[in-house]
Amino acid sequence: MALKEQAQEVCLVCGQHKTEGIHIFNQLICDSCQKKIVETDVTDWKYKYYMNKLAKLRIGKCKKSLESAVVHAGTGGEAEKH
């Protein structure tokens, strides 16, 4: 039996087609870009570049779902939905 190929998506930061990474509001940030963002110092010129890319996240579609799912920290460190 052949393994099903993963669908490639376009990374929000580098614009390349990738299969692995994190999704923020259903938009992919590939593993490579995620690592670069995390490792970039705020005084580095690249930091502003990455922040400008992240500013393009389309969160308008998800605004309603964010407003209806307020998450509060529980006493034991677990998250509780209210």
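For region 44-64, enumerate the residues that are assigned to a helix (DSSP H, G or I) and at pLDDT 75 or above. Reasoning before the result, please.
At the first step, the residues of region 44-64 found to be assigned to a helix (DSSP H, G or I) are 45-54, 60-64.
Scanning region 44-64 gives Trp45, Lys46, Tyr47, Lys48, Tyr49, Tyr50, Met51, Asn52, Lys53, Leu54.
Surrounded by fewer than 12 Cβ atoms within 10 Å (Cβ to Cβ) and modelled with pLDDT of 95 or more: which single residue out of Glu67, Glu80, Glu39, Glu5 fits that description?
Working: Glu67 fails: modelled with pLDDT of 95 or more; Glu80 fails: modelled with pLDDT of 95 or more; Glu5 fails: modelled with pLDDT of 95 or more.
Step by step, each of Glu67, Glu80, Glu39, Glu5 is checked, and only Glu39 is surrounded by fewer than 12 Cβ atoms within 10 Å (Cβ to Cβ) and modelled with pLDDT of 95 or more.
The values are calculated or read from the model by the stated rules, or taken from the named source; none is laboratory data. If you're wondering where the values come from, they're calculated on a predicted model, not measured in any experiment. Virtual Cβ from ideal backbone geometry, glycine too; neighbours counted across all protein chains shown.
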